[in-house]
Amino acid sequence: MIFYEPHARDETILPHDPFKSLVAPRPIGWISTTDSAGRVNLAPYSFFNAVAEGPHMLAFSSRGAKDSSTFANEIQEFVWNLVTYELREQMNETSAALPRGMSEFERAGLEMAPSRLVAPPRVAASPCSMECKVVHHLELRDLSGATFDQHLVIGQVVGIHLADAAVVDSAVDTASLRPVARCGGPGDYAVVERLFQMLRPSS
Ligand SMILES: Cc1cc2nc3c(=O)[nH]c(=O)nc-3n(C[C@H](O)[C@H](O)[C@H](O)COP(=O)(O)O)c2cc1C
């Protein structure tokens, strides 16, 4: 069994930091935002997850103050869009570093659809989008108390769009949506196509 402290990894054994290969797969936060001038932004974030369900909350974390966290902070709103296998290439396109104001929707050939309760648009082709209002926005600190330009945004879900076809026998069939998740190595992804069932113990 290998043990190492993150800052002192033996790089002859592990030349590449395996952290993101180990915490995998990570769901992808495909985040649409707008700034106060109405400029639209769309980008993927794999430091993303659901962090509460009563009320529903989603979080994403930005390495550096990129447009998504900056815009979300500015108008206190963002939208999460589900990335399906069919949308994988377009999702990847939207990770390009475009100058502020240039639309990733346009670059990736994606249509926007209006949200109901927040300003940022949805990805029309995604079978699920969640409209969120920001409740926390913080710059993370390490053990020494120092910030390191990592920005965590937590939003409360205020509206959910779900394609009719995603509901089968009164439930969402996750596998049929084929959600894509990020794994560790460059270009590594996973797709959920098969589920297994295991119920929690009753006592
Ligand atoms: C699948 C995937 C996951 C990513 N996850 C993150 C992440 O968690 N945090 C981050 O800062 N950048 C992440 N990136 C890189 C951003 O998407 C990229 O820097 C993008 O240009 C940011 O756009 P923005 O400035 O419009 O927000 C990811 C890229 C891809 C393709």
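Report, by residue number, each residue of region 187-203 that is under 21 Å from D173 (Cβ atoms), in a loop (DSSP other than H, G, I, E, B) and touching a residue at least 12 places away in the same chain (Cβ under 8 Å).
Once the filter is applied, which keeps residues that are under 21 Å from D173 (Cβ atoms), in a loop (DSSP other than H, G, I, E, B) and touching a residue at least 12 places away in the same chain (Cβ under 8 Å), region 187-203 yields V192, E193, R194, L195.
Can you tell me which residue is nearest to the ligand (Cβ to nearest atom) among those in region 76-91 that are surrounded by fewer than 18 Cβ atoms within 10 Å (Cβ to Cβ) and not charged (D, E, K, R)?
First, the residues of region 76-91 that are surrounded by fewer than 18 Cβ atoms within 10 Å (Cβ to Cβ): 76, 85-86, 88-89.
Then drop every residue that is not not charged (D, E, K, R), which leaves 76, 85.
Values: Q76: 16, Y85: 13 Å.
Here the answer is Y85.
Quick one: which residue in V135, V157 is assigned to a strand (DSSP E or B), over 15 Å from G29 (Cα atoms), away from the ligand (no atom under 11 Å from the Cβ) and touching a residue at least 60 places away in the same chain (Cβ under 8 Å)? If you could, list the steps in order and put the result at the bottom.
Working: V157 fails: over 15 Å from G29 (Cα atoms).
Residue meeting the stated conditions: V135.
Among the residues of region 4-46, which ones are part of a loop (DSSP other than H, G, I, E, B) and in contact with a helix residue (DSSP H, G or I) (Cβ under 9 Å, 6 or more places away or on another chain)?
D17, I28, D35, S36, R39, S46
Is there a residue being part of a strand (DSSP E or B), within 20 Å of T34 (Cα to Cα) and either of a type in the set (G, A, S) or in contact with a helix residue (DSSP H, G or I) (Cβ under 9 Å, 6 or more places away or on another chain) (or both) anywhere in region 88-104?
Checked region 88-104: no residue is part of a strand (DSSP E or B), within 20 Å of T34 (Cα to Cα) and either of a type in the set (G, A, S) or in contact with a helix residue (DSSP H, G or I) (Cβ under 9 Å, 6 or more places away or on another chain) (or both).
Let me confirm something: among S21, S61, which residue is under 27 Å from E193 (Cα atoms), within 15 Å of the chain's Cα centre (by Cα), among the small types (G, A, S) and within 15 Å of the ligand (Cβ to nearest atom)?
On inspection, the qualifying residue turns out to be S61.
Looking at S103, is it within 13 Å of the ligand (Cβ to nearest atom), at pLDDT below 95 and either of a type outside the set (V, I, T) or within 25 Å of F148 (Cα to Cα) (or both)?
Yes.
The values are calculated or read from the model by the stated rules, or taken from the named source; none is laboratory data. This structure is a prediction, so every number in the text was calculated from the model and none was measured. Ideal geometry is used to build each Cβ from the backbone, glycine not excepted, and the neighbour counts take in all protein chains shown.
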